[in-house]
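In what follows, a structure is listed as structure tokens, so that the remarks can point back to it.
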Amino acid sequence: MIKGRIIKGVGGLYYVAAPSLVYECSARGKFRRSGLTPTVGDYVEILPVGDNGCKGTIEHICERKNLLVRPRVANVDCAVVQFAAAQPDINYELLDRFLILASVKCIDSVVICINKSDLMSADTEAYISRVYSAYDVIFTSAAENTGIDVLRDKLIDKVTVFAGPSGVGKSSIINAIIPDVLRKTGELSKKIQRGKHTTREVELLEYNKNTFIADSPGFTSLSLDFLKADELKLHFREFAPYLEGCFFNDCRHIAEPGCVLKEHVGKEIPPERYERFVDLYNELTQK
């Protein structure tokens, strides 16, 4: 058998990139019966069939390290959380929800990409850099081709998923990173200030042998109902050094006395991030 990675799935057929060839594969019925669906990003073992040497059947799906639902893609190494400096304006609450989801899915490499940086004031750039100093923050402009090389370097040898609301230029940024991949870029709706969805399906776009990019339709809300309130603190990177040593072993880091974490708010922990933690904690306790 041959091992490869699913790079595209269309109409029940899966395209598997192996070392020397891309195979068009069907999946064995045993996967459907077991409730396991082959997914873009999966490492699989295939058995070539037919005489032309480019078709096969998927015989085994290797263990996944993670799986995203929207976009549906497995074995993601890096997440680029993309927003625009303006048109539409940055929704910081939504940004934080994306960061939490990336953490929950064990995506270690997370990049915050702020596109349309040519429309951004110096004060706003400084604010974002300060509040999100625990992350890689890259300011780009697809229109002016700035910041693209810096962003591309962060993606090398990784499977990367782009996420963010509509109208922030995800497809334009991907086009700039991989110039020979043609993607439609939707016109921004002047009436509602949100972009039209232009991405129809999930596909791994190859930059080089070990570097792939996936993008997804934009969306504007992200529920955290799957997360327990007491787990939320684990998904704020800047909290990690201060989660131990509180007076109470079960400290919620909300209103308890002797809280080590709260002593660092306004210092190493940006107040804005802590305030959103409290808001989200209260939301999760009321679900």
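Just a few scattered comments:
- Only residues that are over 20 Å from Val40 (Cβ atoms) and not aliphatic (A, V, I, L, M) were counted across the range 75-107, and they come to 10.
- Test for Ile114: is it of a type outside the set (S, T, N, Q), over 29 Å from Glu283 (Cβ atoms), in contact (Cβ under 8 Å) with a residue 24 or more places away in the chain and part of a strand (DSSP E or B): no
- Qualifying residue in the range 84-100 (condition: assigned to a strand (DSSP E or B), of a type in the set (A, V, I, L, M), within 16 Å of the chain's Cα centre (by Cα) and surrounded by 15 or more Cβ atoms within 10 Å (Cβ to Cβ)): yes
- If the condition is being closer than 14 Å to Ala176 by Cα, assigned to a strand (DSSP E or B) and out of contact with any Lys or Arg (no Cβ under 9 Å at 6 or more places or on another chain), then the range 140-165 contributes only Thr146.
- One residue from Ser103, Ser129 being at pLDDT 90 or above, closer than 19 Å to Asn66 by Cα, assigned to a helix (DSSP H, G or I) and of a type in the set (Gly, Ala, Ser): Ser103
- Among residues of the range 25-59, those that are of a type in the set (Phe, Trp, Tyr) and either over 23 Å from Pro71 (Cα atoms) or not in a helix (DSSP H, G or I) (or both), counted: 1
- Output for the range 136-148, where each listed residue is surrounded by fewer than 18 Cβ atoms within 10 Å (Cβ to Cβ), under 19 Å from Ala79 (Cα atoms) and not aliphatic (A, V, I, L, M): Asp136
The values are calculated or read from the model by the stated rules, or taken from the named source; none is laboratory data. Since the model is a prediction, treat every value here as computed from it, not as a measurement. Don't worry about glycine lacking a Cβ; one is built from the backbone with ideal geometry, like all the others, and counts go over all protein chains shown.
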